[in-house]
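Please read the structure below before turning to the comments.
Taken together, the values in this text are just the output of simple stated rules run on the coordinates, not laboratory data. Treat the numbers as computed from the prediction; the structure is a model and nothing was measured. Note: ideal-geometry Cβ built from the backbone for every residue, glycine included; neighbour counts use all protein chains shown.
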Amino acid sequence: MNKQVLVAPLLLVLSGFAAADSQWVLDQSTLAYHVSHPLHSSEGVSHAARGKGVCRAGQCDFLIAVPVKSFDSGDSNRDLHMLQVTRGAEFPIVTVRTRIPESERTSTIIRVDLDVEFAGQKAHYNQVPLQLATQGNETRISGTIPATLSDFKIEPPSLLTIPVKNDVPITIEMTWHPQ
């Protein structure tokens, strides 16, 4: 067996995401959006995200995709309305792209720029703090994307003529492993 094949997993564990020419796969995910209205709040959760990361020359590029229809708030009527408001039939996938530089690899908190495409619009978020925890060959990432409806040109839905708040934070919990 090639020594390089045996050493690669060890390098991944020791150096986090930034091992040379490595690939990562999203193993488990929980993404949740939170909508707030003066009369009530609701949350939609998805466990259907898929993702891949490729590391080369000290940079790791990640792509995460999740179907819009996979978010479940526990109320099928609300979920259908969310699909209509966000144009989910026309734009069925939410994508997130980011790059994690090698200089961040050993931190427990990293700050990354995120490019999110949703509802046919793109939004860029600067220096979003994410928590990183590595155990064995798995790396867990968690944090909150400070999304707003206006970032994606979505008209806030109303209940009793009162619109929901513009802020729609998205919490993420993901577990990645080397491929």
Self-check item: Distant-in-sequence amide H partners of Ala147 (H built 1.01 Å from N, under 5 Å)
Solution: Val168, Ile170
Quiz item: Pairing the Cα long axis of helix 76-85 with the longest principal axis of the chain, what angle in degrees results, from 0 to 90 and rounded to the nearest 10?
Solution: 80
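For the chain, please report how many Lys pairs fall under 19 Å Cα to Cα, leaving out neighbours fewer than 8 apart on the same chain.
4
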Quiz item: Can you give the helix-only mean residue ellipticity at 222 nm for the chain, where every DSSP H stretch with n ≥ 4 adds -39500 (n - 2.57) and the sum goes over all residues, rounded to the nearest 500 deg cm²/dmol?
Solution: -4000 deg cm²/dmol
Exercise. Compute the acute angle (0 to 90°) between the alpha-carbon long axis of helix 3-15 and the principal axis of greatest extent of the alpha-carbon atoms of the chain; round to the nearest 10°.
Key: 50
Quiz item: Between the stretch 115-179 and the stretch 18-59, what is the C-alpha centre distance in whole Å?
Solution: 8
Quiz prompt | Sorted largest first, extent of the chain alpha carbons per principal axis (Å) | solution = 65, 28, 26
Quiz prompt | Cβ-Cβ FRET estimate between Ser107 and Ser142, R0 fixed at 22 Å, reported to 0.05 | solution = 0.95
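Identify the trypsin sites (Lys or Arg not before Pro) of the stretch 59-120 meeting these criteria: DSSP loop state and at most 10 other C-beta atoms within 10 Å of the C-beta. Numbers along the way, then the final one.
On the way: sites: Lys69, Arg78, Arg87, Arg97, Arg99, Arg105, Arg111; in loops: Arg87, Arg105.
Loop-located and lightly packed - none at all.
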